[in-house]
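Chemist: Once you've had a glance at the structure underneath, I'll fire off some questions.
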Amino acid sequence: MHETSTHAERASQAPAIQVEGLRYWYPPVEAGQAPTLALDGLTLTITPGEAVGVTGPAGSGKSTFCLALTGLVPQETGGVIEGRVLVAGYDTRRVSVAALAAAVSIVLQDPESNLLGLTVEDEVAFGPENMGVPPAEIARRVDWALTVMGLAHVRTRPSWALSGGQKQRLAIAAALSMQPSVLVLDEPTAQLDPGGRRELLRALMQLRKVLGQRLTLIVAERNLDWLSALVDRIIVLDHGQCVLDGPSPALLVSARAHMQALGLPVPQLAELAAWFAERTGITVAWRTVDEAQEALASWLAM
């Protein structure tokens, strides 16, 4: 690809994400210790517009994978890396983290760590301002991001005054103001109560409807009930390796035993779908309780 091609051209000419033989070792914590292997031979392709969930037990490599997509691994963490990661056509080892920020944005699990303590609208404007985006365009981006994340009514509040769920949505709005083609969320529900999780799910589902194939979404998450309602595909990691990869939520039904062996809680809807299939011979994969209720009501009425 020619060096002067634009980000948009690169994104249109390549998979959203291409990972080839990725292995990564964190540097030793203390001198004399061995490096820690975190990712072990990952190879996968993610197409533009896909919403992909990444899950696995603690220490499986989910967060490290997220950091590798942004170039933070290994550019900021150090350590040893093998293989290649391409995001929107960029090699994450050969392009600076700052330059990659135009293509991929990450939101970490602690919303406080993503925010600067400004007002809501100033938080969202901060990134584009530092990129030198014209003021009129910044205003347009702020309005759009706050609206799509359901925060327009709190735009003048200080960010510290928001609820946990609102802070997480604000962090995502700030990431969206950079107009990335890839958005990475690392454990976005980890610090949210049930209400905050529901609000976040609604906002992200709306975001997917609005942007369609213009945004590739990667979500590292252990809450599989929440995750399966959002994503098209689920990748399961264990000890840095991809052990399962398939469509959501069908994978959670077919691989229940494997998930349980990894210590991952199988969603109740997956258990119900399996029970239903055993008794009726009908294969189903319900994303939401509403879908399951409708299907069961129709079946009982037959």
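The values are calculated or read from the model by the stated rules, or taken from the named source; none is laboratory data. These figures come from a predicted structure and were not determined experimentally. Glycine also receives a Cβ, built like all others from the backbone with ideal geometry; neighbour counts cover every protein chain displayed. Please note that ligands, DNA and RNA were not included when accessible areas were found on the heavy atoms of the full protein model with its side chains. Shrake-Rupley method; radii C 1.70, N 1.55, O 1.52, S 1.80 Å.
Chemist: Does at least one position in segment 157-180 carry a residue that is part of a strand (DSSP E or B) and within 25 Å of residue 17 (Cα to Cα)? Explain how you work it out, then say what you get.
Modeler: Here is the first cut: in segment 157-180, the ones part of a strand (DSSP E or B) are 158.
From the residues that got through so far, the ones that are within 25 Å of residue 17 (Cα to Cα) too are none.
No, there is no match, as no residue in segment 157-180 is part of a strand (DSSP E or B) and within 25 Å of residue 17 (Cα to Cα).
Chemist: Additional query: Could you grab me the full set of residues in segment 110-125 that are surrounded by fewer than 23 Cβ atoms within 10 Å (Cβ to Cβ) and modelled with pLDDT under 95?
Modeler: Listed by number, the residues that qualify are 110, 112, 113, 114, 115, 116, 117, 118.
Chemist: Please identify the pairs in which a residue from segment 206-229 that is outside any helix (DSSP H, G or I) has its Cβ atom under 7 Å from the Cβ atom of a residue that is crowded, with 20+ Cβ neighbours inside 10 Å and of a type in the set (Gly, Ala, Ser), counting only partners at least 6 apart or on another chain.
Modeler: Listed by first residue and then by second, the contacts come to 215/181; 216/16; 216/181; 217/51; 219/53; 221/53.
Chemist: Only one of 228, 181, 177 is more than 13 Å from the chain's Cα centre (by Cα), open to solvent by less than 30 Å² (accessible area, probe 1.4 Å) and of a type in the set (Ser, Thr, Tyr); which? Spell out the reasoning first.
Modeler: Details: 228 fails: more than 13 Å from the chain's Cα centre (by Cα); 181 fails: more than 13 Å from the chain's Cα centre (by Cα).
When all the criteria are applied, what remains is 177.
Chemist: Quick check: is even one residue across segment 190-205 open to solvent by less than 60 Å² (accessible area, probe 1.4 Å), at pLDDT 95 or above and either on the phi > 0 side of the Ramachandran plot or assigned to a strand (DSSP E or B) (or both)?
Modeler: Taking every residue of segment 190-205 in turn, none turns out to be open to solvent by less than 60 Å² (accessible area, probe 1.4 Å), at pLDDT 95 or above and either on the phi > 0 side of the Ramachandran plot or assigned to a strand (DSSP E or B) (or both).
Chemist: Another question about this same structure. Identify the residue in segment 282-296 that is more than 27 Å from the chain's Cα centre (by Cα) and among the β-branched types (Val, Ile, Thr) and, among all such residues, is least open to solvent (accessible area, probe 1.4 Å).
Modeler: Residues of segment 282-296 more than 27 Å from the chain's Cα centre (by Cα): 282-283, 293-296.
Now restrict to residues that are among the β-branched types (Val, Ile, Thr): 282-283.
Values: 282: 79, 283: 126 Å².
Across segment 282-296, the extreme among qualifying residues is 282.
Chemist: Okay, moving on. Hey, does segment 25-37 have a residue that's in contact with a strand residue (DSSP E or B) (Cβ under 8 Å, 6 or more places away or on another chain) and closer than 19 Å to residue 109 by Cβ?
Modeler: Looking for residues that are in contact with a strand residue (DSSP E or B) (Cβ under 8 Å, 6 or more places away or on another chain) and closer than 19 Å to residue 109 by Cβ, one finds at least one in segment 25-37, hence yes.
Chemist: Follow-up. In segment 108-139, what residues are in contact (Cβ under 8 Å) with a residue 24 or more places away in the chain, within 18 Å of residue 179 (Cα to Cα) and not aliphatic (A, V, I, L, M)?
Modeler: Passing the criteria: 114, 121, 123, 126, 127, 128.
Chemist: Still on this structure: What number of residues in segment 59-79 are charged (D, E, K, R) and surrounded by fewer than 16 Cβ atoms within 10 Å (Cβ to Cβ)? Walk me through how you get there before you give the answer.
Modeler: Taking segment 59-79 first, the residues charged (D, E, K, R) are 62, 76.
Narrowing further to those that are surrounded by fewer than 16 Cβ atoms within 10 Å (Cβ to Cβ): 76.
Selection size over segment 59-79: 1.
Chemist: Quick check on segment 256-281: of everything there that is over 13 Å from residue 236 (Cα atoms) and buried (at least 19 other Cβ atoms within 10 Å of the Cβ), which residue is farthest from the chain's Cα centre (by Cα)?
Modeler: 276
Conditions (1) farther than 20 Å from residue 72 by Cβ; (2) touching a residue at least 24 places away in the same chain (Cβ under 8 Å); (3) open to solvent by 10 Å² or more (accessible area, probe 1.4 Å), marked per residue:
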{"site": "23", "(1), (2), (3)": "no, yes, yes"}
{"site": "30", "(1), (2), (3)": "yes, no, yes"}
{"site": "36", "(1), (2), (3)": "no, no, yes"}
{"site": "40", "(1), (2), (3)": "no, yes, yes"}
{"site": "43", "(1), (2), (3)": "yes, yes, yes"}
{"site": "47", "(1), (2), (3)": "yes, yes, yes"}
{"site": "57", "(1), (2), (3)": "yes, yes, yes"}
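Chemist: From 147, 156, grab the single residue that is free of Cβ contacts under 8 Å to residues at least 24 places away in the same chain and surrounded by fewer than 24 Cβ atoms within 10 Å (Cβ to Cβ). Reasoning before the result, please.
Modeler: On the way: 156 fails: free of Cβ contacts under 8 Å to residues at least 24 places away in the same chain.
Result: 147 is the single residue among 147, 156 that is free of Cβ contacts under 8 Å to residues at least 24 places away in the same chain and surrounded by fewer than 24 Cβ atoms within 10 Å (Cβ to Cβ).
Chemist: How do the pairs read when you match residues in segment 74-86 that are free of Cβ contacts under 8 Å to residues at least 24 places away in the same chain with residues anywhere that are surrounded by fewer than 18 Cβ atoms within 10 Å (Cβ to Cβ), using Cβ under 9 Å and keeping only pairs 6 or more apart or on different chains?
Modeler: 75/93; 75/96; 75/97; 76/97
Chemist: What is the residue count in segment 146-184 for residues that are of a type in the set (Gly, Ala, Ser) and on the phi > 0 side of the Ramachandran plot? Lay out the reasoning, then the answer.
Modeler: Within segment 146-184, the subset of a type in the set (Gly, Ala, Ser) is 150, 152, 159, 161, 163-165, 171, 173-175, 177, 181.
Subsequent filtering for residues that are on the phi > 0 side of the Ramachandran plot retains 150.
The qualifying residues number 1.
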